[in-house]
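Enquirer: Structure below; questions to follow.
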Amino acid sequence: MLFAVVLKVKAGTAKDRVARRAQWQYPEGINVIAEYWLQTNDPSLPNVVSIYEAEEVAPIMASLIEWDDVFDITIVPAITAEEGLKVAEQMSQVQ
């Protein structure tokens, strides 16, 4: 299943977070599609957005545990726009 992950800074310095990220690897069981570091100083906006696939919840929980001290993390199931359009088309045919 595909997930979108949004991380907002809540603690630590940028220097510390970058050094920590350089040493950290996603848990086995997570297939990273993309990771973006957003260049903003606005505290209301996210600083990191990741898109990944996982079949089980355990690796997702492992990544949360590793980073929840410095980020507020939101993880939501997602689908691609292409998949969403297919689902919408199928739904409109059912009605």
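What follows draws every value from the coordinates through simple rules; no lab data is involved. Since the structure is predicted, the reported quantities are computational estimates derived from the model, not experimental observations. Neighbour counts run over all protein chains shown; Cβ positions are idealised from the backbone, glycine included.
Enquirer: At what distance in nm do the modelled label points of Asp16 and Ala4 sit from each other, each positioned 7 Å from its Cα along Cα→Cβ?
Expert: 3.0 nm
Enquirer: Apply the Karplus curve 6.51 cos²θ - 1.76 cosθ + 1.60, θ = phi - 60°, to the phi angles in segment 75-81 and return the couplings in whole Hz, x for Gly and Pro.
Expert: Taking θ as phi minus 60°, the curve returns 10, 9, x, 9, 9, 6, 4 Hz for segment 75-81.
Enquirer: Another question, if that's okay. Working out 0.36 nm times the residue gap between Glu56 and Glu89, then minus their Cα-Cα distance, what length gain in nm do you get to one decimal?
Expert: 9.0 nm
Enquirer: Something else now. Specify, per residue and in Å³, the volume enclosed by the convex hull of the alpha carbon atoms belonging to the chain.
Expert: Per-residue hull volume (Cα only) is 121 Å³.
Enquirer: Test of understanding: given the chain, find the longest segment containing no GluC sites (Glu not before Pro) that are in a DSSP loop and have at most 11 other Cβ atoms within 10 Å.
Expert: 57-95
Enquirer: FRET efficiency for Glu82 and Ala34, Cβ-Cβ distance as r, R0 = 22 Å, nearest 0.05?
Expert: Step by step, r from the Cβ atoms, then E = 0.90.
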